[in-house]
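**Q** A single structure is presented below for examination.
The values are calculated or read from the model by the stated rules, or taken from the named source; none is laboratory data. Here the structure is a predicted model, which means the values were calculated and not measured. Backbone-built Cβ (ideal geometry, glycine too); neighbour counts: all protein chains shown. All accessible areas refer to the heavy atoms of the entire protein, side chains included, with ligands and DNA or RNA removed. Shrake-Rupley method; radii C 1.70, N 1.55, O 1.52, S 1.80 Å.
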Amino acid sequence: MAVSEETIRKIAHLARLELTEKEVQTYSKQLTGILDYVSQLSKVDTTGVEPLVTATDMAVNFREDKVEPSLSPDDLLSNAPDRSGNLFKVPPVL
Amino acid sequence: MSLLDQGIFEIAKKVRSGEVSAKTVATEALARAKNKNKELNAFITLTDDQALEQAEKVDRMVSQKRDPGLLAGVPVGIKDILLTKGVRTTAGSKILENFVPPYSSTVVEKLEAAGAITIGKTNLDEFAMGASNENSAFGPVKNPWDTSRVPGGSSGGSAAAVAARLVPGAIGTDTGGSIREPAAFCGLTGIKPTYGRVSRYGVVAFASSLDQVGPMTHSVQDAALMLQAISGKDPKDSTTAVQAVPDFSKALVKNVKGFKVGLPKEYFADGIEPEVRAAVDNAIAVLKSQGAEIVPLSLPLTSHGIAVYYLIAPCEASSNLARYDGVKYGHRSKDSKDLMDLYCRSRGEGFGAEPKRRIMLGTFALSSGYYDAYYKKACQVRRLLRDDFVKAFKQVDVIAAPVATGPAFKLGEKADDPLAMYLNDIFTLPPSLAGIPALSVNCGFTKSGLPIGFQLMAKHWDEEKIIQAAFTVEQNLGLAPRRPHGF
């Protein structure tokens, strides 16, 4: 299927990705090519097959519910581009 | 002969016995890395001070007759996608250009606890997305065997650093072939362990159902040793296995008596370059002469591996990379007018072309109306593909195959055609999707002197079998020792 430039703009917005006009054109072409290639999967009969979402059948290992040491707020905020006390600072939402 | 030519096993032995100091080895590795990095671009960051501090600690332990560990004084490179406390970790991306993690990944902690000396962070394709190391925001890496060629990717810096003997071993990550392909292109041994064998805690996530960490070294013995040091259950990664870690050194046996070796016809189809085919056939002949029974097989879904992978990996990536929002860490765009603008601009400016392409593809395949046709369908075929492997391993102990259809290609050769680049992964993707262990071991060279890799796979948790088969090939192949010209 062809992925139009309009679809690319919509997807880019969903992905919170600012693209240049040139990128929109490139990705429209490339995604069309890739989706055309992956469409070969429609030939595989998967009736009744449970999707496999991880590589092994291991159960999830839960840990004991007890308090353990963790990183300090200062450590966790040490890479923040902007902060105010122990908060991440962002421009106005509206 | 330089100390760095001697391999992990020998260096650790000499440091433990006090014959050589860890500081001497680390100093030599740092000097060599500095000298050769201009040509190769294998390292993004060198960590002199930290390395020397670690080396002094190992030497102190030796002088106090305390056990400094399995990898005592061994200089290692760490793919710059594993977090290192206090040392910049970029994932090869501009978006993490200035990111200094407040904690280390479990693998790095385990290496340091085993006495290894971290001398630097190695270059990679951005977020481990690529097969040539040309997608790095810090420039491409050169292959020491021919600097006009790629080292493979995404663990290209790790591969080049070991091949050029800047370090005797390095850590890579493998999501769809990112340890095995560069190991093949650079003449090394590279192991992708079973999914769950090695902790992913503190590894920048690309595709969480596929990512695994593993060793890249010259010899099979060294790879087994390094794998030993990093394997095991980690309370911080709930996907790590409860299974006990075997003693991998016990698998270093020079024959494969009683082994059944499967050859899936789909991995030996047309399109493999004759020199690669000949070298792989030669390795198979060695296995046969050392006691293996060869069993022809069919894994009919092999050719669909690329389509399955290039849906599942981008879907997972689009979700994992959502965390780079310009708020908590990483690049923030200047002069955004509001929060939405901040997100879109920070991400648009920070990500390179390949992560953007995969975020777009993944977001599309997960979007309303397309989820069933793309993501769900790919996950269904993934189960069939894995079941084929499970069935095959009821008949055979290991499966042998090429790693890639050809040796290292030229820089720029496939850079403008993403699909051509993706097709390069045809033989490495299926084991990743199935979560089984797989490795690459050198099995020869082309006439022009480029290394060729031999791939071995086994069922889940059966790393010992591929180590034994690889060791048999390495020890009986009788390849003359070689090193890249100028390195």
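**Q** Karplus couplings for region B:408-421 from phi (6.51 cos²θ - 1.76 cosθ + 1.60, θ = phi - 60°), rounded to Hz, Gly and Pro as x?
**A** Running phi through 6.51 cos²θ - 1.76 cosθ + 1.60 with θ = phi - 60° gives 3, 9, 6, 4, x, 4, 10, 4, 9, 10, x, 5, 4, 5 Hz.
**Q** From the Cα trace of region B:1-133, what convex hull volume per residue do you get, rounded to a whole Å³?
**A** Given the Cα convex hull of region B:1-133, per-residue volume reads 111 Å³.
**Q** Rounded to the nearest 500 deg cm²/dmol, what is the calculated helix-only ellipticity per residue at 222 nm for chain B, with -39500 (n - 2.57) per DSSP H run of length n ≥ 4?
**A** -12000 deg cm²/dmol
**Q** Okay, next question. Taking every DSSP beta bridge with both residues inside chain B, roughly what % is antiparallel (nearest 5)?
**A** 70
**Q** Same structure, new question: Taking the Cα centre of region B:385-487 as origin, sum charge times position over the Cβ atoms of Lys and Arg (+1) and Asp and Glu (-1), and report the length of that vector in debye to the nearest 20.
**A** I would put it at about 280 debye.
**Q** Also: From the residues B:L40, B:T189, B:F9, which one has its Cα farthest along the dipole of the protein assembly as shown in the positive direction, the dipole being from +1 and -1 charges on Cβ of Lys/Arg and Asp/Glu about the Cα centre?
**A** Farthest towards the positive pole: B:F9.
**Q** Could you state how much accessible area A:K29 has, in square angstrom rounded to the nearest 10, with a 1.4 Å probe and all protein chains kept in place?
**A** So the heavy atoms of A:K29 present about 150 Å² to solvent.
**Q** Cα gyration tensor of region B:141-252, axes a ≥ b ≥ c as square roots of the eigenvalues: rounded (a/c below 1.5), prolate (a/b > b/c) or oblate?
**A** Oblate, because a/c is 1.5 or more while a/b does not exceed b/c.
**Q** Express as a percent, rounded to the nearest 5, the fraction of DSSP beta bridges in the protein assembly as shown (both residues included) that run antiparallel.
**A** For the protein assembly as shown, the DSSP antiparallel bridge percentage is about 70.
**Q** Please report the projected area of region B:81-161's Cα convex hull averaged over all directions, in nm².
**A** Spelled out: convex hull of the Cα atoms, projected over all directions, averaged, 5.4 nm².
**Q** Between their Cα atoms, which of A:K66/B:K459; B:K36/B:K288; B:K94/B:K236 are more than 30 Å away from each other?
**A** With Cα atoms farther than 30 Å apart: A:K66/B:K459; B:K36/B:K288.
**Q** Using only the Cα atoms of region B:3-251, build the gyration tensor, take square roots of its eigenvalues as a ≥ b ≥ c, and label the shape rounded, prolate or oblate: rounded if a/c is under 1.5, else prolate if a/b is larger than b/c, else oblate.
**A** In terms of gyration-tensor shape, rounded.
**Q** Mind grabbing the accessible area of B:I294 for me, 1.4 Å probe, Å², rounded to tens?
**A** 50
**Q** Find which of B:N424, A:T26, B:G69 sits farthest along the positive direction of the dipole of the protein assembly as shown, computed with +1 on the beta-carbon of Lys and Arg, -1 on that of Asp and Glu, about the Cα centre.
**A** Comparing the listed Cα positions along the dipole, B:G69 ranks first.
**Q** If you don't mind, another one. If you rank B:M61, B:M226 by how much accessible surface each has, with a 1.4 Å probe, what is the order from largest down?
**A** B:M61, B:M226
**Q** Under a point-charge model restricted to the Cβ atoms of Lys and Arg (+1) and Asp and Glu (-1), what is the dipole moment magnitude of region B:109-173 relative to its Cα centre, in debye to the nearest 20?
**A** Charge dipole, region B:109-173, about its Cα centre: 200 debye, nearest 20.
**Q** Which three extents, in angstrom, do the Cα atoms of the protein assembly as shown have along their principal axes, listed largest first?
**A** 66, 56, 52
**Q** Full extension from A:S4 to A:K43: what is 0.36 nm times the residue separation minus their Cα-Cα distance, to one decimal in nm?
**A** Net length gain for the segment: 11.6 nm.
**Q** On to the next question. Going from most exposed to least, what order do B:D417, B:D372 have by accessible area with a 1.4 Å probe?
**A** So the residues, ranked largest to smallest area, are B:D372, B:D417.
**Q** Can you give me the relative contact order of region B:244-321 as a percent, contacts being Cα pairs under 8 Å and 6 or more apart?
**A** Dividing the mean separation by the residue count of region B:244-321 yields 42 percent.
**Q** Next up: Counting only the heavy atoms of the protein chains, how much of B:R383 is accessible to a 1.4 Å probe, in Å² to the nearest 10?
**A** Using a 1.4 Å probe on the heavy atoms, I get roughly 50 Å².
**Q** Under a 5 Å amide H to amide H cut-off, with H placed in plane at 1.01 Å, what residues pair with A:R83 once short-range neighbours are removed?
**A** A:K89
**Q** Within chain B, what whole-number % of the accessible surface is contributed by carbon and sulfur, with the 1.4 Å probe and all protein chains included in the calculation?
**A** C and S fraction of accessible area: 51 percent.
**Q** From the phi angles alone, apply the Karplus equation (6.51, -1.76, 1.60; θ = phi - 60°) to region A:32-44 and give each ³J(HN,Hα) in whole Hz, x where the residue is Gly or Pro.
**A** 4, x, 5, 5, 5, 5, 6, 5, 4, 5, 5, 7, 8
**Q** Separate question: In nm, to one decimal, how far is the modelled label at B:S448 from the one at B:K94, with both set 7 Å along Cα→Cβ?
**A** 3.3
**Q** Hey, another quick one. If you plug each phi of region B:49-55 into the Karplus form 6.51 cos²θ - 1.76 cosθ + 1.60 with θ = phi - 60°, what whole-Hz ³J(HN,Hα) values come out, in order, with x for Gly and Pro?
**A** 4, 5, 4, 5, 4, 4, 5
**Q** Follow-up question, since we're still on this one. With a 1.4 Å probe and all protein chains in place, put B:S219, B:S368 in order of accessible area, largest first.
**A** Largest accessible area first, the list is B:S368, B:S219.
**Q** Something else about it: Can you give the accessible area per residue of the protein assembly as shown, in Å², using a 1.4 Å probe?
**A** Per-residue accessible area for the protein assembly as shown comes out at 38 Å².
**Q** Can you tell me, using C-alpha contacts under 8 Å and at least 6 residues apart, the relative contact order of chain B as a whole percent?
**A** Once normalised by length, the contact order is 18 percent.
**Q** A follow-up question, please. Take the Cα atoms of chain B, build their convex hull, and give its volume per residue in Å³.
**A** Given the Cα convex hull of chain B, per-residue volume reads 138 Å³.
**Q** If you average 1/r across every pair of different Cα atoms in chain A and take the reciprocal, what Kirkwood value do you get, in Å?
**A** 19.2
**Q** Compute the FRET efficiency between B:R60 and A:R63 as 1/(1 + (r/R0)^6), taking r as their Cβ-Cβ distance and R0 = 41 Å, and round to the nearest 0.05.
**A** Using R0 = 41 Å, I get an efficiency of 0.75.
**Q** Still on this model: Scale the Cα Rg of region B:66-121 by the rule-of-thumb value 2.2 N^0.38 Å and send over the ratio, two decimals.
**A** Ratio of Rg to 2.2 N^0.38 Å for region B:66-121: 1.19.
**Q** A follow-up question, please. Would you please give the residues with an amide H less than 5 Å from that of B:G444, counting only those at least 5 places away or on a separate chain, with H modeled from the backbone geometry?
**A** Those lying under 5 Å, H to H, from B:G444 are B:I452.
**Q** Can you tell me the dipole magnitude for the protein assembly as shown around its Cα centre, using point charges on the Cβ only (Lys, Arg +1; Asp, Glu -1), in Debye to the nearest 20?
**A** 580
**Q** Summing Lys, Arg as +1 and Asp, Glu as -1, what charge do residues with Cβ under 13 Å from the Cβ of A:A2 carry, A:A2 excluded?
**A** Here the count lands on -2.
**Q** Using a cut-off of 15 Å between beta-carbons, work out the net charge of the residues near B:I294 (Lys and Arg +1, Asp and Glu -1, B:I294 not included).
**A** With Lys, Arg at +1 and Asp, Glu at -1, the neighbours total +1.
**Q** Still on this structure, please answer the following. Distance in nm between label sites at B:K328 and A:E21, each 7 Å beyond Cα in the beta-carbon direction?
**A** Each label point lies 7 Å from its Cα, and together they span 3.7 nm.
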